[in-house]
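The structure appears below as structure tokens.
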Amino acid sequence: MDVLKSWRDPSSYITTLHVDEDCKNNEYTKEIIERFSGDVVIVPVGQSPVVSERDFPANLSDGKRHLYLTRNKGHFLKPCPATREYRCCDYHVLNTGMNCPIDCVYCILQAYLNNPWISFYVNYEGMLDEIETELSAHPEELYRIGTGEFTDSLAIDSITRLSEKLVPFMAAKKNGMLELKTKSGVVDYLQDLEHNSNTIVSWSLNSTRILQKEEMRAASLAERVEAAKKCISWGYRVGFHFDPIVDHENWEKEYFETIDYLYRELPAESIVWISLGALRYLPHLKDIGVRRFPGSTIYFQEFIEGLDGKSRYFRDNRTQLYLSIYNRLKKYADEKTAIYFCMESDEVWRDVMGFVPEEKGGIHTMLEKAFWGYSVGG
């Protein structure tokens, strides 16, 4: 019988490291090159990596094997690019790079990527300075900062070891916390870090069917939960994100199985928050996804254009999905765990959870209370 390959560490899929010529003497770049076991190619100033002879979107598949070390010439820290029409949690995105070796059918980055390769920014000192400046300028504000918006937070950590620089830095921040969100099982480099409980490690979860069929080179459910178990043993608190929730045959039974397994394996009090978000996508992502993944059927259902221009399930369908999953989570969840929606309307909040965020002080306050353990503002 064939044994499925483990993708606990998806960085093993990367075969070539491309290095900007003006970064090759950077000490951090040298560290990464020394750790990397594949081919190393220097990219001349003004040129770009050559990773594929195929056109878009086929070159996106080829680019997953190529990691490009370069500098971020823009801002590292930005508010989450939310929309006014749906409730946002006031997250701050830390841009450490773009793309990752995991290949999800529903990944929204496919519709945004101008380049097929995985980018990683080596000028991390500038990133830390930017965080320091922002947090120091607003000591009265509490910042939730995440690295998982444009890349997977830990998928290439065995190559970059960025966590070894970020986690201890954030440990000293009184008004900032860091969330490392991943679909991998790469947590070993977190073990001996000083984190001062200021870092949450979180995982995207789904039904086993979606994990296996729509998330290529991602860790299995068991590997993700085992990684979470390790982090808890090292003093970290953890979070989970059921996003995107996908309507499929036997969805309720399969999502229940994931939830039951999660709480069977992990202590409920260690889970700080859980987010819920149904499948949504930019309309042209469907064309890209169908061309790249012809065996997938997730785009062939009934959708409506939402207020943010993204295709979404009809509201009644979303509510049905959410109600079942939310009630199952509430069966096990600790009373201090914040369960919240990512980018949903007040109507859906009311229909499913029985309240709108403002009645709890807003999503931002709900999550601050769950993390820092007290009511903000008294």
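The numbers here are math on the coordinates, done by the rules we state, and not lab data. What you are looking at is a predicted structure, and each value in this text was computed from that prediction instead of being measured. Neighbour counts run over all protein chains shown; Cβ positions are idealised from the backbone, glycine included.
Between L282 and E257, the modelled labels are 3.5 nm apart [label points 7 Å from Cα along Cα→Cβ]. Compute log10 of I(q)/I(0) for the stretch 289-373 with the Debye formula, placing one identical point scatterer on every Cα and leaving out solvent, at q = 0.17, 0.26 Å⁻¹, to two decimals. Treating every Cα as an identical point scatterer, log10 I(q)/I(0) equals -0.84, -1.32. Reducing the stretch 54-72 and the stretch 100-116 to their Cα centroids gives an inter-centroid distance of 10 Å. Out of all DSSP beta bridges with both ends in the chain, state the antiparallel percent to the nearest 5. Bridges in the chain that DSSP calls antiparallel: roughly 25 percent.
Is the stretch 106-207 rounded, prolate or oblate when judged by the Cα gyration tensor, a ≥ b ≥ c being the square roots of its eigenvalues, rounded requiring a/c under 1.5 and prolate requiring a/b larger than b/c? In terms of gyration-tensor shape, prolate. Computed over the alpha carbons of the stretch 222-349, Rg followed by Dmax gives 16.1, 44 Å. In the elastic network of the chain, a GNM with C-alpha springs shorter than 10 Å, the most mobile of S48, S163, S311 is S48. Note: the stretch 127-166, Cα convex hull, 79 Å³ per residue. Cut-off 19 Å, label point 7 angstrom out along Cα-to-Cβ of D39: give me the residues of the stretch 98-119 whose amide nitrogen falls inside. Those under the cut-off are 101, 116-119.
The mean sequence distance of close C-alpha pairs (under 8 Å, at least 6 residues apart), as a share of the length of the chain, puts its relative contact order at 16 percent.
When N counts the residues of the stretch 213-259, how does its alpha-carbon radius of gyration compare numerically with 2.2 N^0.38 Å, as a ratio? Mind dumping the intermediate values first?
Values: Rg = 12.7 Å, N = 47, 2.2 N^0.38 = 9.5 Å.
After normalising by residue count via 2.2 N^0.38 Å, the value is 1.34.
Starting from the Cα gyration tensor of the stretch 71-372, take the square roots of the eigenvalues, sort them a ≥ b ≥ c, and report rounded, prolate or oblate (rounded when a/c is under 1.5, otherwise prolate if a/b is larger than b/c, else oblate). Cα axes put the stretch 71-372 in the rounded bin. Of the residues H248, H92, H364, the one that moves most in a GNM of the chain with alpha-carbon contacts below 10 Å is H248. Note on the stretch 163-282: Rg/Rh from Cα positions, Kirkwood definition for Rh, rounded to two decimals, is 0.99.
For the pair A171 and D62, a Förster radius of 41 Å applied to the C-beta separation gives a FRET efficiency near 0.60, rounded to the nearest 0.05. Classify the stretch 36-145 as rounded, prolate or oblate, taking a ≥ b ≥ c as the square roots of the eigenvalues of its Cα gyration tensor: rounded when a/c is under 1.5, otherwise prolate if a/b is larger than b/c and oblate if not. Oblate. Where the centroid of each part is defined by its Cα atoms, how far is the stretch 281-347 from the stretch 123-145 in Å? After rounding, the separation between the Cα centres reads 32 Å. Across R65, R350, R312, mean-square fluctuation computed from a Gaussian network of the chain (C-alpha pairs under 10 Å connected) peaks at R350. Normalised size of the stretch 13-64, defined as Cα radius of gyration per 2.2 N^0.38 Å with N residues, equals 1.24. Trypsin sites (Lys or Arg not before Pro) within the stretch 105-204: which are DSSP loop residues with at most 11 other Cβ atoms inside 10 Å? Here the sparse-neighbourhood loop sites are K174. Taking 10 °C and 1.306 mPa s as the conditions, I'd like the Stokes-Einstein D for the stretch 93-161 in µm²/s, using the Kirkwood hydrodynamic radius from alpha carbon pairs. In µm²/s, the coefficient rounds to 117. Given R₀ = 51 Å, FRET efficiency for N250-K73 by Cβ-Cβ distance, to 0.05? In this case the efficiency is close to 0.60. Cα-Cα pairs above 22 Å in the stretch 257-328: how many percent? For the stretch 257-328, the fraction of Cα-Cα distances above 22 Å is 42 percent.
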